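The values are calculated or read from the model by the stated rules, or taken from the named source; none is laboratory data. None of these values were measured; they are calculated from a predicted model. Cβ: placed from backbone, ideal geometry, glycine included. Neighbour counts: every protein chain shown.
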Amino acid sequence: MVSDDVRYKLMRLLEANPQMSQRDVARALGISIGKVNYSLRALVRRAHGTSTGVLRVGDLEVDTRGRTVRRAVHAAANQAAAGQ
């Protein structure tokens, strides 16, 4: 089991560096590649289980449709702007 703290740090890291490899993520977080892989798969599974395909963790969200990690505040602002 991976802690919420590790998942949040993983999402923050990927938000800042979306092209980062799992190996580089593991080095940056000080965890194994297997734990990174497990965490990523778990986040995607949880997001797919939502009706919108978007999972929020703290101030970040995983969007499986666009395969992105972004700040929830920016996403809400973008959705509001698109609706105007």
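Annotation note: Cβ proximity below 9 Å between a residue of region 34-47 that is touching a residue at least 12 places away in the same chain (Cβ under 8 Å) and a residue that is among the basic types (Lys, Arg) and in a helix (DSSP H, G or I) (sequence gap 6+ or interchain) occurs for Val36/Arg23; Ser39/Arg7; Ala42/Arg7; Leu43/Arg7.
Only residues that are modelled with pLDDT of 70 or more and loosely packed, with under 12 Cβ neighbours inside 10 Å were counted across region 52-77, and they come to 1. The test for being in a helix (DSSP H, G or I), more than 19 Å from Asp63 (Cβ to Cβ) and touching a residue at least 12 places away in the same chain (Cβ under 8 Å) does not hold for Tyr8. Contact map, region 18-33: first residue farther than 21 Å from Glu61 by Cα, second residue of a type in the set (Val, Ile, Thr) and assigned to a helix (DSSP H, G or I), Cβ cut-off under 7 Å, separation 6 or more or different chains; pairs are Arg23/Ile33; Ile31/Val6.
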